[in-house]
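Student: Take a look at the following structure, please.
The values are calculated or read from the model by the stated rules, or taken from the named source; none is laboratory data. These numbers were taken from a predicted model, which means no experiment stands behind them. Note that each Cβ is placed from the backbone with ideal geometry, even for glycine, and that neighbours are counted across all protein chains shown. For accessibility, only protein heavy atoms count, side chains too; no ligands or nucleic acids. Shrake-Rupley method; radii C 1.70, N 1.55, O 1.52, S 1.80 Å.
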Amino acid sequence: SEPTPPVNPLPPVVVLLFLALVLPEAFFSLGASGWVGGPEAVGWRLAAMQDYAFSGDLFDWMWTNGRWLPEHLMRFVTYAFVHTAFTGAVFAAVLVLALGKLVGEAMGQVAVLVLFFGGSVFGALMYGLLLNDPTWLIGGFPAAYSLIGGYSFQMWLHLGAAGQQQYRAFSLIAVLMGIQLLFGVFFGPSTLWVADLAGFVFGFAASVLLVPGGLSRILLSLRRD
């Protein structure tokens with residue numbers, strides 16, 4: 001028999017999402033440094049933001065006029081693959097890599113895609129509906145937080161089955177939101193956390209249907225209570 005690898009291989013869909021997050025950033029960084037693309041490469045990131053970032057103002061315009069243009073609807077997804085800086089892209093990609101691996105192994109690769117893209121869309125939707133902020137939504141964090149929601153739901157079920165305190169399942173999201181609060185104190189307030197938290201809520205709620213037996217275990221728990 002073949003030897004068991006010491007580390008489980010990453011689900012292919014997680015690798016693809018990771019590459020989709022880091023490769024654009026690699027081109028932007030190389031272009032800004034003058035390694036590729038010539039002088040116009042300096043503006044690649046800004047051009048990508050204008051074409052692919054999610055705009056609450058554009059959403060409000062479509063809502064008011066009832067005109068749902070494909071080139072703006074795609075922003076609900078495309079904003080996740082463009083970032084304002086190298087560090088943000090790497091952090092989001094690492095979150096997707098780590099959480100995507102855990103979710104993929106427990107729930108399957110389709111679930112990873114549903115959580116990633118569903119969290120991206122729902123995060124942007126809540127950002128557009130709840131706020132009137134001209135700041136463009138950009139980056140993969142709402143999608144990554146959706147995967148955190150999926151992981152947290154798994155932990156919630158596991159802790160409940162073990163008779164332990166289930167609130168511990170929310171430790172990771174509490175730490176990350178706390179870090180965002182500290183960043184807001186030192187670097188100025190931001191409303192982007194609304195999309196991140198919405199992504200988490202989507203991931204947790206969607207996992208009720210995505211985790212095998214998740215819904216039945218929720219109903220059983222409610223009956224006991």
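Student: Give me the residue from the range 54-81 that is among the aliphatic types (A, V, I, L, M) and in contact with a Ser or Thr (Cβ under 8 Å, 6 or more places away or on another chain) and, out of that set, farthest from residue 23 (Cα to Cα).
Tutor: Among those residues, the one meeting the criterion is 77.
Student: For the range 9-41, which residues satisfy the criterion of being closer than 30 Å to residue 106 by Cβ and among the charged types (D, E, K, R)?
Tutor: Scanning the range 9-41 gives a single hit, 25.
Here's the yes/no breakdown for (1) farther than 30 Å from residue 8 by Cβ; (2) out of contact with any Leu (no Cβ under 8 Å at 6 or more places or on another chain); (3) modelled with pLDDT under 95:
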{"residue": "46", "(1), (2), (3)": "yes, yes, yes"}
{"residue": "61", "(1), (2), (3)": "yes, yes, no"}
{"residue": "73", "(1), (2), (3)": "yes, yes, no"}
{"residue": "79", "(1), (2), (3)": "yes, no, no"}
{"residue": "85", "(1), (2), (3)": "yes, yes, yes"}
{"residue": "88", "(1), (2), (3)": "no, yes, yes"}
{"residue": "100", "(1), (2), (3)": "no, no, no"}
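Student: Among 86, 76, which is within 21 Å of the chain's Cα centre (by Cα), surrounded by 14 or more Cβ atoms within 10 Å (Cβ to Cβ) and touching a residue at least 60 places away in the same chain (Cβ under 8 Å)?
Tutor: The unique qualifying residue is 86.
Student: Something else: Quick one: count up the residues across the range 43-71 that are of a type outside the set (Phe, Trp, Tyr), closer than 12 Å to residue 136 by Cβ and assigned to a helix (DSSP H, G or I).
Tutor: 8
Student: Taking the range 106-131 only, how many residues are crowded, with 18+ Cβ neighbours inside 10 Å and assigned to a loop (DSSP other than H, G, I, E, B)?
Tutor: So the answer is 0.
Student: May I pose another question? Restricting attention to the range 192-207, and to residues there that are farther than 22 Å from residue 112 by Cβ and part of a helix (DSSP H, G or I), which single residue is most open to solvent (accessible area, probe 1.4 Å)?
Tutor: 193
Student: Something else: Specify the residue that is most open to solvent (accessible area, probe 1.4 Å); the eligible residues are those in the range 27-42 that are touching a helix residue (DSSP H, G or I) at 6+ places or on another chain (Cβ under 7 Å) and in a helix (DSSP H, G or I).
Tutor: Ranking the candidates gives 27 first.
Student: Here are 94, 103: which of them is within 15 Å of the chain's Cα centre (by Cα), buried (at least 21 other Cβ atoms within 10 Å of the Cβ), in a helix (DSSP H, G or I) and not charged (D, E, K, R)?
Tutor: 103
Student: Pick out the one residue from 212, 189, 134 that is open to solvent by 70 Å² or more (accessible area, probe 1.4 Å) and farther than 25 Å from residue 46 by Cβ.
Tutor: 212
Student: Please specify each residue of the range 114-168 satisfying the condition of being more than 27 Å from residue 49 (Cα to Cα) and charged (D, E, K, R).
Tutor: Passing the criteria: only 168.
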